[in-house]
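Student: Provided herewith is a single structure, encoded as structure tokens, for subsequent inquiry.
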Amino acid sequence: MKIDIILAGVGGQGIISIAAAIGYAAVESNLYLKQSEVHGMSQRGGEIQSHLRVSDKEVHSDLTPQGSADMIISVEPMESLRYLPWLSPDGWLITNTKPFINVPNYPDINLVLKEIESFPNHITLDADDIARKLGSARSANIVMLGAASPFIEIPYEKLENGIRGIFSRKGDKIIKQNLDSMMAGKEFTKNYLSETSKV
Amino acid sequence: MEKLLLLGDEAIAQGAIDAGLSGIYAYPGTPSTEITEYVQRSKLAKERGIHSDWSANEKTAMETALGMSYTGKRAMVCMKHVGLNVASDPFINSAITGANGGLIVVAADDPSMHSSQNEQDSRFYGKFALIPIFEPSNQQEAYDMTYEGFEFSEKYEIPIMIRLTTRLAHSRAGVKQSALKDQNKISLPKDMRQFVLLPSIARERYKILLDNQANFEKESEQSVYNKYVKGKDKSMGIIACGIAYNYLMENYTDDECPFPILKISQYPLPINLIKKISSECKKILVLEDGYPLVEDMINGILDKDLIVLGRTNGTIPRDGELDPNIVAEAIGKPIKKGKDVPGLVVGRPPSLCTGCPHIDSFDALNEALKEYSKGRVFSDIGCYTLSALPPYESINSCVDMGASVTMAKGAADAGLKPSVAVVGDSTFTHSGMTGLLDAVNENSPITVFILDNSITAMTGGQKSHATGRLENICLGIGVKPEHLKILNPLKKHHEENVKIIKDELAYNGLSVIIPTRDCIEIIKKTKKTTKEIEK
Ligand SMILES: Cc1ncc(C[n+]2csc(CCOP(=O)(O)OP(=O)(O)O)c2C)c(N)n1
Ligand code: SF4
């Protein structure tokens, strides 16, 4: 078993929390893991990504080779496209549709979404909206983790433990909000897949 | 024992704590910052009384660590690659004095310049100082090398260097811990003259360092971190240094590498192992993240007919970070690639936060400078460097920490009047104060802005060294009180701020203006902590 994930977003959108939750779950499942993060300058509203590699065998490189990632999980639609060179031809493009516009030349969002939908294996959802409806506007990132969870070969309960682990200091309410957010993302993908009878 | 999930940086920190560290010294700098921050957060480090406060700059950090080593305790000093330029005087000389308690210098390099002005390779400094260098290929080695490194340092009474690059510094993996050791007790050097580098003593000490080179080489030859892996296909041999070894192995996940491999993670180079692989193979491919250090060395010392492939002959790009694909191409493996990035995707450069105090400072400065020709603002390194980008386009230089004040003075000396310097509060105490003294002594016609946001923001919000005392420091250095102005950079004060700046620009002498308002990131942080305290 081997999963290579590219996490994408903009500095401050919480992709390191997604990585940490999966990392926690992987370690609890006795899997090997390498997870490279971007710290430093780009965290000031720049583009950021994280390579997350999980396997039952030793993982060598901290970086995923191009053309071989099983999925891109993105908290921002344009950012999901930036890492296409890393995605394997049968990989999944899983992205939030809510744009984060902090540059004057941000492209027409409809064209961005069209580009994403032209990709055969894609999951698109408005994670910000789902999170807000759950009363937890800040957990769009965790909604995205939930949306990707059916493709991640780690038992869902382990991912839930991951959420409990990384938010343990924030109290029960925050933990519950994030567990609900992850579940809402998961349900979205399940429904989408059964409607389109993809899997 | 359960594995800890640690960044390469954190593995170094944990390895040091477990090895009986007594003090870590550092000035923040990506990608090294997380080493010290990990020790600062560690409960165990607190219980053991391990010193972990930030230093004013890398030179003071290096010297303080050397002072702790003098007492016989174990010390570590951490910095980003360019920090070693600042610390290079004590660093090079510490190889001559030698260490007493174990002393580790960690230099974190940034190939591809993810967050830096250059991609210099710290191994050159280690080689220059004639000290052993350890270059971990993964997080476990980062832990082990640090854990064992103090003993190595004490065995030869020599500081050692650990060199890593951004990718390892900022990547997490499972790490096995070793048993916790006691800290050393104070035990001063046996030879009380060891650290007195008078020429007559320095000559003796230098001989000891030179004599030790053979020992260091023998250690490298026998090191578990350097290994020779047999291969049947002798048409090429591969030397892979540090993290480059992983990129190589990534290409052989499903099959075995046919070529002989020499993995190098400890220097000086193990000459016998190098001779072995180069005598067996016609060609040698050198994979190293950073400058072509090993490549240049073996190009000169081995058989003239040996073909050396690497960064200098174009097999590997001359600049930038390595990755699995670059290595695949160099060893002739088919390269996979996904779809190209669609043309509509635009760059998203980092930018100043909405509400950042620097924005109002630059708005006021830009307006005040309208009546002068462009190109007179010398700046420095920090969040405020982002003002080089639109819509501000306010600054004309960013070279090294502290260079704003001194470059502005040089330009003013040449006749560019007024010249303006813009420096952050943390950068000012790092190395702007000495330059200001030069300007005070000559009453140079420059206007120095010290942007005081009460924090070292760019690197993630570390404590700034002189918050609340900048005004007194400037007065103490000799800035005239009537030309020392404190501003509140807010939109509602824009007009009065522009007026004050204009007056100081027109003054034919030294002025210091200190716009003072907290970084909004700290405001968020303190709000969070008060909330947590309330809970
Ligand atoms: C010699 C050296 N050490 C460290 C760094 C890393 N570094 C870049 S900016 C910065 C902090 C600047 O803080 P400050 O001057 O207060 O500006 P702010 O980011 O708060 O606006 C640091 C530590 C560097 N580039 N060079
Ligand atoms: S982190 Fe602070 S200093 Fe840096 S851009 Fe944001 S508000 Fe400004």
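The values are calculated or read from the model by the stated rules, or taken from the named source; none is laboratory data. Bear in mind the structure is a predicted one, so any value in this text is a computation, not a measurement. Reconstructed Cβ throughout: ideal geometry from the backbone, glycine too, with neighbour counts over all protein chains shown. Just the protein is used for accessible areas: all its heavy atoms, side chains included, with ligands, DNA and RNA removed. Shrake-Rupley method; radii C 1.70, N 1.55, O 1.52, S 1.80 Å.
Student: Take the residue pairs B:K304/B:K333; B:K409/B:K499; B:K80/B:K181; B:K275/B:K304; B:K374/B:K502; B:K370/B:K480 and return only those whose Cα atoms are more than 18 Å apart.
Tutor: Pairs exceeding the cut-off: B:K304/B:K333; B:K409/B:K499; B:K80/B:K181; B:K370/B:K480.
Student: Mind checking A:26-37 for the average number of partner chain beta-carbons within 10 Å of each residue's beta-carbon?
Tutor: 4
Student: Relative contact order of chain A, please, whole-number percent, based on alpha carbon pairs below 8 angstrom and at least 6 residues apart.
Tutor: Averaging sequence separation for qualifying contacts and normalising by length gives 21 percent for chain A.
Student: Ranked from highest to lowest mean number of other Cβ atoms within 10 Å per residue, what is the order of the peptides B:395-406, B:139-150?
Tutor: Ranked from most to least packed, the peptides come out as B:139-150, B:395-406.
Student: In percent, how large is the relative contact order of segment B:227-330, given Cα pairs closer than 8 Å and 6 or more residues apart?
Tutor: 31 percent
Student: Still on this structure, I have one more. Taking amide H atoms as placed 1.01 Å from N in the peptide plane, list the residues 5 or more away in sequence, or in a different chain, whose amide H sits under 5 Å from that of A:S74.
Tutor: A:A8, A:I94, A:T95, A:N96
Student: Roughly how many Å² is the accessible area per residue of segment B:383-422, as a whole number, for a 1.4 Å probe?
Tutor: 39 Å²
Student: How large a share of the accessible area of chain B, in percent, is made up of carbon and sulfur atoms when the probe is 1.4 Å and the other protein chains stay in place?
Tutor: The computed percentage sits at 54.
Student: Oh, and also: Considering only segment B:227-330, what is the antiparallel percent among its DSSP beta bridges, to the nearest 5?
Tutor: 20 percent
Student: Please give the average number of partner chain Cβ atoms lying within 10 Å of the Cβ of each residue in B:169-177, rounded to a whole number.
Tutor: Taking all residues of B:169-177 together, the mean is 6.
Student: If you don't mind, there's one more thing I want to ask. Between segment B:227-247 and segment B:353-414, how far is it from one alpha carbon centroid to the other, in angstrom?
Tutor: Measuring centre to centre over Cα atoms gives 48 Å.
Student: Whenever you get a sec, line up B:I239, A:I109 from highest to lowest accessible area (probe 1.4 Å, protein heavy atoms).
Tutor: A:I109, B:I239
Student: Next up: Can you list the residues in segment B:83-122 whose accessible area drops by at least 30 Å² when all protein chains are present, compared with the chain alone? Use a 1.4 Å probe, heavy atoms only.
Tutor: B:S115
Student: What does the charge count around B:G231 come to, taking other residues whose C-beta lies under 11 Å from its C-beta (Lys +1, Arg +1, Asp -1, Glu -1)?
Tutor: 0
Student: Which value, in square angstrom to the nearest 100, describes the accessible area buried between chains B and A on both sides, using a 1.4 angstrom probe?
Tutor: It comes to approximately 4000 Å² buried between B and A.
Student: Would you rank B:H81, B:H493, B:H114 by solvent-accessible area, highest first, keeping every protein chain in place and using a 1.4 Å probe?
Tutor: The residues order as B:H114, B:H493, B:H81, largest area first.
Student: Sticking with this one: Please give the FRET efficiency for B:N443 paired with B:D53, using the beta carbon to beta carbon distance and R0 = 30 Å, rounded to the nearest 0.05.
Tutor: Taking R0 as 30 Å, the efficiency between B:N443 and B:D53 is 0.25.
Student: Where both partners of a DSSP beta bridge lie in the protein assembly as shown, what percent of those bridges are antiparallel, to the nearest 5?
Tutor: Taking every DSSP beta bridge with both residues in the protein assembly as shown, the antiparallel ones total about 30 percent.
Student: For chain B, what proportion of DSSP beta bridges, expressed in % and rounded to the nearest 5, is antiparallel?
Tutor: In chain B, approximately 20 percent of DSSP beta bridges are antiparallel ones.
Student: Oh, and also: Just to be sure I understand: if I project the alpha-carbon convex hull of segment B:227-330 onto a plane and average over all orientations, what area do I get in nm²?
Tutor: If I average the Cα hull's projected area over directions, I get 5.9 nm².
Student: Obtain the nm distance between the two label points defined at A:D172 and B:N472 by a simple spin-label model: each point lies 7 Å from its Cα along the Cα-to-C-beta direction.
Tutor: 4.9 nm
Student: Output ³J(HN,Hα) for segment B:170-182: one whole-Hz value per residue in order, computed from phi by the Karplus curve 6.51 cos²θ - 1.76 cosθ + 1.60 with θ = phi - 60°, and x for Gly and Pro.
Tutor: Along segment B:170-182, the couplings run 10, 10, 9, 7, x, 10, 8, 8, 9, 5, 5, 9, 5 Hz.
Student: Using the Karplus curve 6.51 cos²θ - 1.76 cosθ + 1.60 with θ = phi - 60°, what ³J(HN,Hα) values do you get for each residue of segment A:177-187, in whole Hz, with x for Gly and Pro?
Tutor: 4, 6, 4, 5, 4, 5, 4, 4, x, 4, 4
Student: Aspartates and glutamates near B:K492 by alpha-carbon distance under 17 Å, same-chain residues fewer than 8 away left out - which ones?
Tutor: The reachable aspartates and glutamates, counting only those whose Cα sits under 17 Å from B:K492, are B:D360, B:D363, B:E367, B:D518.
Student: Return the whole-Å distance between the Cα centroid of segment B:44-71 and the Cα centroid of segment B:274-308.
Tutor: 39 Å
Student: So which lysines pass the test for A:K170, namely a Cα distance under 22 Å, with those fewer than 8 places away in the same chain ruled out?
Tutor: Those lysines meeting the cut-off are A:K133, A:K158, B:K43, B:K524, B:K525, B:K527, B:K528, B:K531, B:K535.
Student: Students often check this: by mean Cβ neighbours within 10 Å, which of B:174-184, B:280-290 ranks highest, and how do the rest follow?
Tutor: Per-residue mean Cβ counts within 10 Å order the peptides as B:280-290, B:174-184.
Student: How much of B:K155 can a 1.4 Å solvent probe reach, expressed as accessible area in Å² and rounded to 10?
Tutor: 130 Å²
Student: Another question about this same structure. Hey, what's segment B:430-496 come to in accessible area per residue, 1.4 Å probe, Å²?
Tutor: The answer is 47 Å² per residue.
Student: Then there's this: Starting with the highest mean, order A:63-73, B:163-173, B:210-220 by the number of other Cβ atoms within 10 Å, averaged over the residues of each peptide.
Tutor: B:163-173, A:63-73, B:210-220
Student: Now for a different question. Mind checking which of A:D108, A:D126, A:D62 has the largest fluctuation in a GNM of chain A, springs on alpha carbons under 10 Å?
Tutor: Evaluated over chain A, the most mobile residue of the options is A:D108.
Student: Right, another one. Sort out for me the Cα centre separation of segment A:4-39 from segment B:157-221, rounded to whole Å.
Tutor: Taking the Cα centre of segment B:157-221 as reference, the centre of segment A:4-39 is 35 Å away.
Student: Enumerate the calculated ³J(HN,Hα) couplings along segment B:374-384 in order (Karplus 6.51 cos²θ - 1.76 cosθ + 1.60, θ = phi - 60°), each rounded to whole Hz, writing x wherever the residue is Gly or Pro.
Tutor: Per-residue couplings from phi come out as 6, x, 10, 10, 9, 10, 9, 10, x, 3, 4 Hz.
Student: Also, quick follow-up: Under a 5 Å amide H to amide H cut-off, with H placed in plane at 1.01 Å, what residues pair with B:R172 once short-range neighbours are removed?
Tutor: A:Q35, A:S36, A:E37
Student: Skipping prolines and chain starts, which residues have an amide H placed within reach, meaning under 5 Å, of the one on B:N184, given they are 5 or more residues away or on another chain?
Tutor: B:R74
Student: Shielding of B:378-387 by partners, i.e. mean partner chain Cβ atoms within 10 Å per residue?
Tutor: Across B:378-387, the average partner-chain Cβ count within 10 Å equals 1.
Student: For B:S32, what charge total do you get from the other residues with a beta carbon under 14 Å from its beta carbon, if Lys and Arg give +1 and Asp and Glu give -1?
Tutor: Here the charged neighbours net out to -4.
Student: Subtracting the Cα-Cα distance from 0.36 nm times the residue separation, let me have the gained length for B:E496 to B:V196 in nm, one decimal.
Tutor: This chain segment gains 102.5 nm when fully extended.
Student: From Cα pairs below 8 angstrom and at least 6 apart in sequence, can you work out the relative contact order of segment B:4-211, rounded to a whole percent?
Tutor: 30 percent.
Student: How charged is the neighbourhood of B:I307? Take every other residue with its Cβ under 14 Å from the Cβ of B:I307, and add Lys/Arg as +1 and Asp/Glu as -1.
Tutor: 0
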